[in-house]
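Notes follow once the structure below has been shown.
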Amino acid sequence: MPYVDGYVLPVPLAKLAEYRRLARKAGKIWIEHGALEIHECVADDVQPGKHTSFPQAVKLKADETVVFSWIVFKSRKDRDRVNAKVITDPRMAFMEHADPATLPFDGQRMFWGGFKPMVSLAA
């Protein structure tokens with residue numbers, strides 16, 4: 001059964017192109033190490049809710065948008081193996097040593113987690 005890591009994060013509109021470049025660069029590294037799919041999606045029809053919502057979850061500011069991303073792996077075990085390789089890949093060092101003020105997203109308002117698929121349907 002596949003395994004999915006999901007991410008939600010705020011990205012300043014002015015840095016969206018920069019975030020896209022970073023996501024492509026990092027995504028290629030994940031794929032090289034064994035991830036099956038990478039999906040990076042930018043909010044299109046996302047409204048604030050009364051009690052909770054994507055914008056509320058990341059404390060979205062007026063000049064930002066929400067990015068919802070997920071990575072698909074063969075299994076939880078494979079995800080752990082792939083992520084361990086990605087973390088130690090020298091091409092990812094730019095993330096570890098980056099000044100948070102220069103990143104194209106606010107990592108302090110980002111949230112993520114690992115998920116076991118419960119229902120999967122395709123056309």
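The values are calculated or read from the model by the stated rules, or taken from the named source; none is laboratory data. Note that this is a predicted model, so its numbers are computed, not measured. Glycine also receives a Cβ, built like all others from the backbone with ideal geometry; neighbour counts cover every protein chain displayed.
What residue, of TYR19, TYR3, is crowded, with 17+ Cβ neighbours inside 10 Å and over 11 Å from the mean Cα position of the chain (by Cα)? Spell out the reasoning first.
Values: TYR19 fails: over 11 Å from the mean Cα position of the chain (by Cα).
Only one candidate qualifies: TYR3.
Quick one: in segment 79-97, of everything that is among the charged types (D, E, K, R) and either assigned to a loop (DSSP other than H, G, I, E, B) or touching a His at 6+ places or on another chain (Cβ under 6 Å) (or both), which residue is nearest to ALA26 (Cα to Cα)? The qualifying residue nearest to ALA26 (Cα to Cα) is ASP89. Screening segment 48-75 for residues that are charged (D, E, K, R) and surrounded by fewer than 16 Cβ atoms within 10 Å (Cβ to Cβ) and picking the one that is farthest from the chain's Cα centre (by Cα) gives LYS50. The condition (being hydrophobic (A, V, I, L, M, F, W, C), closer than 15 Å to LEU9 by Cα and touching a Pro at 6+ places or on another chain (Cβ under 6 Å)) is satisfied by just one residue among VAL72, VAL46, VAL58, VAL67: VAL58.
Being exposed (fewer than 15 other Cβ atoms within 10 Å of the Cβ) and over 13 Å from VAL11 (Cα atoms): is that true of THR88 here?
Spelling it out, THR88 is indeed exposed (fewer than 15 other Cβ atoms within 10 Å of the Cβ) and over 13 Å from VAL11 (Cα atoms).
Any idea which residue in segment 6-16 is nearest to ASP63 (Cα to Cα), counting only those that are more than 10 Å from the chain's Cα centre (by Cα) and surrounded by 15 or more Cβ atoms within 10 Å (Cβ to Cβ)? If you could, list the steps in order and put the result at the bottom.
Taking segment 6-16 first, the residues more than 10 Å from the chain's Cα centre (by Cα) are 10-16.
Still in the list and also surrounded by 15 or more Cβ atoms within 10 Å (Cβ to Cβ): 10-12, 15-16.
Values: PRO10: 10, VAL11: 9, PRO12: 6, LYS15: 10, LEU16: 11 Å.
Looking at residues that are more than 10 Å from the chain's Cα centre (by Cα) and surrounded by 15 or more Cβ atoms within 10 Å (Cβ to Cβ), I get PRO12.
Can you find a residue that is among the hydrophobic types (A, V, I, L, M, F, W, C), out of contact with any Asp or Glu (no Cβ under 7 Å at 6 or more places or on another chain) and more than 18 Å from ASP5 (Cα to Cα) anywhere in segment 62-83? Looking through segment 62-83, at least one residue is among the hydrophobic types (A, V, I, L, M, F, W, C), out of contact with any Asp or Glu (no Cβ under 7 Å at 6 or more places or on another chain) and more than 18 Å from ASP5 (Cα to Cα). Filtering segment 72-119 to residues that are closer than 16 Å to LEU22 by Cβ and acidic (Asp, Glu) leaves ASP89, GLU96, ASP99, ASP106. Would you mind telling me which numbered condition in (1) at pLDDT below 95; (2) farther than 28 Å from SER120 by Cβ; (3) of a type in the set (A, V, I, L, M, F, W, C) LEU60 fails? Against the list (1) at pLDDT below 95; (2) farther than 28 Å from SER120 by Cβ; (3) of a type in the set (A, V, I, L, M, F, W, C), LEU60 comes up short only on (1).
Does SER120 satisfy the criteria of being among the small types (Gly, Ala, Ser), loosely packed, with under 11 Cβ neighbours inside 10 Å, out of contact with any His (no Cβ under 8 Å at 6 or more places or on another chain) and within 22 Å of ILE31 (Cα to Cα)? Against the criterion (among the small types (Gly, Ala, Ser), loosely packed, with under 11 Cβ neighbours inside 10 Å, out of contact with any His (no Cβ under 8 Å at 6 or more places or on another chain) and within 22 Å of ILE31 (Cα to Cα)), SER120 qualifies.
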